[in-house]
Amino acid sequence: MKKLINIFLKSIIIIVIITGINQNKVQAQTGVNIGFTNGNYMFWKGYQGVANGTASLVSGWTVYNDPATVYWQGSPCFVINTPTSAAFDFTVPTLRRVPTMWGYTHSSQINNNQNNKNCSKLSYDIDITPLNCLLTFNYAMVLESPGHTGYANPTFRIEVRTLSGSNEGALVNPCATFEQTGTNNPMPAGWGTFSGGIWQDWRQVAMNLSAYEGNRVRVIIIMTDCEPTGHWSYGYVTAKVGPAELTVNACGNGDTIAIIEAPSGFKKYEWISSPTAFNDAAAQYAIRQTDPFATHQYFAVKLTSPNSGSTPACEAFIKATVQSMKPIPEFDTVLDCALKVDFVDETVLGAGYNSIADTLEYTWDFGDGNTAYYNSFTAINTNRNPSHTYAAAGPYHVKLTVKDEDCVNIIEKDIVVPSTPDFTVKDSMICIGSQMTVVASNNTIPGTTYEWRESSNETDPVIFSGPAYTATFNTDKTLWVTASAPNTACKRTKPVIISVQQFPNITIHGDTMICIGQPATLTAIDSSGVTKEMQWSFNMPSNPPVITNPSPSPTTTFSPTTNTTIYLIAKTSQGCMNWKSVNIYVTDPSVFASKYKVCPKDKVTLNGVGGVTYSWSANPADPTLTTDTLADPVDVYPEETTIYAMNGYGPSGCYTQRTVRIDVVPKPEAKITYSPEYVDVDNPILSLKDDSKYSATSKWDISDGTTSTQRSFTHRFNDVSGKEISVFLTTYNEIGTHCFDTASITLPIELFSVWVPSAITPDGDGQNDKFFFFSLNKLEDLLVLTLGDFLIKDLETLEYTTKLVLLIL
């Protein structure tokens, strides 16, 4: 398709305003407020003078930094206008004070409708740059027509002059001036009339000042009353600046219509084109006027402004470039070997892309049924550089569609998502010093190789190659496993943590020395804090230990009857096992004595064994027993049978009581029982008996030399020639030896006889009157048998006891 160039006519109005600006601040600008858009006279200067009726118009000027402060005959000489503040002129009701039809919002009135030779002037200094080299004036005026000659009439003038410092130089262009006097003879072409004068509706003049880039120029606008004092004039001005170049966007490639729109309001427009860019030489524009439009991208338009009198019309050239908005899609991919692809936008946007005004759209088709969309008005880079994770490795056809406004372009690429090995490696915990095999498993890519390192840095040494690594671990360790797929650069590295668990560090606290009958309470404490299970046992653990009946508590209580060893098995969460044992010493004291049966006050040594120290008590009390607690034996001297109680103390202070009975056997009380009480020579037999109290054994010694140990016996004396015999008894209690008593008897040896009278004379003469008998033996029994009335009863004189039987015939 051919490019269609439409030309639109637009008016340009220049408005100049300066308000409240100090002299030292009114300086050259780049066009700021040249159209009075600030609502004041910033960067403008105001002047006032007296009309002199010559071409110089005035003889001298008074300068005002703020034109709003200049008045003539009570009326302001400069007024800022807006469409709302004062839409139409007060003299010509159809004249707009602001040329809104060309897009202006402000203008300035210059001079007023007061006569008396007043002259008003505005000036604006501007530094010319490529951005403001196209200067456009807009002006309108109302002049009374008194019919005077030349500059004696009310006059309007516009000039653009060069500046050297503060000195005004020549016109920047022969056309850079416009003036009109208030004469209606002849009537200026295109003017209107009112009662007493003429008026000019809004006109536009443009100048291309690119030749003055880097220099300063001054815009001058003058309005004067008539010199004879009777008539007035005033007008309206505004202005704008801009680049002398137009840019038109098109999609390019002959598929769209490009419309180049020049500023409106000029007298004449002439268009030319070129396949290459224009420079600023006017000849170059003229040479190319005959080039066909259809094949070109670069254009220019010559704008011809209205002229006044003999002043040539201003011609301004504006370059126009038709630039392509069509994007050139491009993207790159970054593969991370984990099925994720980062798409990097490398699209080249058209020269006409406007990041503020244009809507830029991206549509991604990832080739697996998934898409992503980006819109510059609703997102900031979201999905412009998308990341996409594919479900599987393999080839995919990716399409990117980029749209800038109505310009659309597409790029399609085939990408290959590489296979990346994935595997499982499990963190583990083992017992310190144990050997373990760590396995990288569940990889589905055949031919994958593995490297094991002790850091994540792939430049560090490889400690093992292969899927299974075996080692003995004494400390916690992190290993890094890198799996590399065959024939690709894709690899995956994963860490695996091998935690080493200490064996339980068990200490057993409690009573290890107790007394018989007391309970032993033991508590296991694990300073390592890793124990999860315990078992108390009286049997030595196997190797390795085995817990078959876990104890519910770390504390156990039992009552041993003898020295005992108890074992504790401790197990961690990882099965690390350890065992400890503790010996329980049972204090089971016993007591013994050097003698258990003694005579009164015999020494007895009491001994305690199995304890550390001993204390004693006696029942009944024994004053010879010490009250001290001693480790040594003690001696006692009991006088009667006594039970001694011993408290045997263990190392912990506990004690057990034991008793011992010491029987005290009384000393014998010697007593000899014998019969008869003499030794009868006729029958010298003597019966002897040890009738001693508390006696157990006897020892007899008889004066005839006979000895005996019989408790009782009968002894016959062979020699009775003496007067008496002696018997000695030593009697012993059951203790024997030193615990004895003695007794002895001496018996007479008797020849037994009784004298009995053969006759008596009982005549009362006191002689031989009674019957009696006489014996030297002591008679005990007497049996008297009487015949008749013969009876003997008086035995008082008998001295010996024996039996006497008298038979009296």
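Applying the criterion of at least 2 residues that are over 30 Å from K667 (Cα atoms) to the strands (runs of 3 or more DSSP E) found wholly in the range 511-610 leaves 513-515, 520-526, 531-537, 555-558, 564-572, 577-587. Looking only at residues of the range 356-371 that are of a type outside the set (V, I, T) and in a loop (DSSP other than H, G, I, E, B), we find that the one that is farthest from D414 (Cα to Cα) is A357. Does N487 satisfy the condition of being loosely packed, with under 13 Cβ neighbours inside 10 Å, over 30 Å from the mean Cα position of the chain (by Cα), outside any strand (DSSP E or B) and modelled with pLDDT under 90? It is true that N487 is loosely packed, with under 13 Cβ neighbours inside 10 Å, over 30 Å from the mean Cα position of the chain (by Cα), outside any strand (DSSP E or B) and modelled with pLDDT under 90. Before we move on, is R218 touching an Asp or Glu at 6+ places or on another chain (Cβ under 8 Å), at pLDDT 85 or above and in a strand (DSSP E or B)? Considered against the rule, which asks whether it is touching an Asp or Glu at 6+ places or on another chain (Cβ under 8 Å), at pLDDT 85 or above and in a strand (DSSP E or B), R218 comes out as yes.
Within the range 67-92, can you find the residues that are out of contact with any strand residue (DSSP E or B) (no Cβ under 7 Å at 6 or more places or on another chain), part of a loop (DSSP other than H, G, I, E, B) and in contact (Cβ under 8 Å) with a residue 24 or more places away in the chain? Answer for the range 67-92, where residues must be out of contact with any strand residue (DSSP E or B) (no Cβ under 7 Å at 6 or more places or on another chain), part of a loop (DSSP other than H, G, I, E, B) and in contact (Cβ under 8 Å) with a residue 24 or more places away in the chain: Q73, G74, T82. Of note, P495 does not satisfy the criterion of being more than 32 Å from the chain's Cα centre (by Cα) and either open to solvent by less than 70 Å² (accessible area, probe 1.4 Å) or among the basic types (K, R) (or both).
Can you tell me which residues in the range 577-608 are open to solvent by 60 Å² or more (accessible area, probe 1.4 Å) and either more than 60 Å from the chain's Cα centre (by Cα) or acidic (D, E) (or both)? Result: D588, F592, S594, K595, Y596, K597, K601, K603.
Output the residues belonging to the range 222-251 that are in contact with a Lys or Arg (Cβ under 7 Å, 6 or more places away or on another chain), open to solvent by less than 10 Å² (accessible area, probe 1.4 Å) and closer than 21 Å to F36 by Cα. Y236 - this is the single residue of the range 222-251 that is in contact with a Lys or Arg (Cβ under 7 Å, 6 or more places away or on another chain), open to solvent by less than 10 Å² (accessible area, probe 1.4 Å) and closer than 21 Å to F36 by Cα. Scoring D125 on the criteria (1) surrounded by fewer than 24 Cβ atoms within 10 Å (Cβ to Cβ); (2) not in a strand (DSSP E or B) leaves a single failure, condition (2).
Being in contact (Cβ under 8 Å) with a residue 40 or more places away in the chain, open to solvent by 70 Å² or more (accessible area, probe 1.4 Å) and on the phi < 0 side of the Ramachandran plot is the requirement here; does F728 meet it? Here the answer is no, as F728 does not meet what is asked. The residue pairs whose first member lies in the range 211-227 and is under 17 Å from G31 (Cα atoms), whose second member is among the aromatic types (F, W, Y), and whose beta carbons are closer than 6 Å, counting only pairs six or more residues apart or on different chains, are V219/Y124.
D719 meets the stated requirement of being at pLDDT below 90, open to solvent by 50 Å² or more (accessible area, probe 1.4 Å) and not hydroxyl-bearing (S, T, Y). Screening Y374 on (1) open to solvent by less than 70 Å² (accessible area, probe 1.4 Å); (2) aromatic (F, W, Y); (3) assigned to a loop (DSSP other than H, G, I, E, B) shows it passes everything except condition (3). Got a sec? Which of A140, A51 is among the small types (G, A, S) and in contact with a Cys (Cβ under 9 Å, 6 or more places away or on another chain)? On inspection, the qualifying residue turns out to be A51. Taking (1) within 43 Å of the chain's Cα centre (by Cα); (2) open to solvent by 50 Å² or more (accessible area, probe 1.4 Å) in turn, Y353 satisfies each apart from (1). Residue count for the range 653-668, restricted to those that are assigned to a strand (DSSP E or B) and within 11 Å of V598 (Cβ to Cβ): 3.
Looking across T444, T420, T382, one residue alone is open to solvent by 70 Å² or more (accessible area, probe 1.4 Å), farther than 28 Å from C251 by Cβ and part of a loop (DSSP other than H, G, I, E, B). It is T444.
For the range 303-355, residues that are without any contact (Cβ under 8 Å) to a residue 24 or more places away in the chain, within 18 Å of A372 (Cα to Cα) and either touching a Leu at 6+ places or on another chain (Cβ under 7 Å) or outside any strand (DSSP E or B) (or both) total 1. Could you list all residues from the range 189-215 that are open to solvent by 40 Å² or more (accessible area, probe 1.4 Å) and outside any strand (DSSP E or B)? Selection gives A189, G190, S195, G196, A211, Y212, E213, G214, N215.
Taken residue by residue, the range 162-184 has no member that is outside any strand (DSSP E or B), among the aliphatic types (A, V, I, L, M) and either in contact with a Pro (Cβ under 9 Å, 6 or more places away or on another chain) or within 23 Å of M101 (Cα to Cα) (or both).
Criterion first (modelled with pLDDT of 90 or more, closer than 30 Å to T531 by Cβ and touching a strand residue (DSSP E or B) at 6+ places or on another chain (Cβ under 9 Å)) does D427 satisfy it?
yes
Determine if the range 257-278 includes at least one residue that is part of a loop (DSSP other than H, G, I, E, B), of a type in the set (A, V, I, L, M) and at pLDDT 80 or above. So far as the range 257-278 goes, no, none of its residues is part of a loop (DSSP other than H, G, I, E, B), of a type in the set (A, V, I, L, M) and at pLDDT 80 or above. Of the residues making up the range 452-481, those that are in contact with a Phe, Trp or Tyr (Cβ under 9 Å, 6 or more places away or on another chain), surrounded by fewer than 12 Cβ atoms within 10 Å (Cβ to Cβ) and assigned to a strand (DSSP E or B) are S465, T470.
The set of residues in the range 93-108 that are closer than 22 Å to G197 by Cα, in contact with a strand residue (DSSP E or B) (Cβ under 9 Å, 6 or more places away or on another chain) and either acidic (D, E) or open to solvent by 10 Å² or more (accessible area, probe 1.4 Å) (or both) comprises T94, R96, R97. When the range 662-691 is limited to residues that are of a type in the set (D, E, K, R) and open to solvent by less than 50 Å² (accessible area, probe 1.4 Å), the one that is nearest to L625 (Cα to Cα) turns out to be D663.
The values are calculated or read from the model by the stated rules, or taken from the named source; none is laboratory data. Worth saying up front: this structure is predicted, and the values here are computed from it rather than measured. So basically every Cβ, Gly included, is an ideal-geometry build from the backbone, and we count neighbours across all protein chains shown. When the accessible area is computed, the model is the full protein with side chains, heavy atoms only, and any ligands, DNA or RNA have been set aside. Shrake-Rupley method; radii C 1.70, N 1.55, O 1.52, S 1.80 Å.
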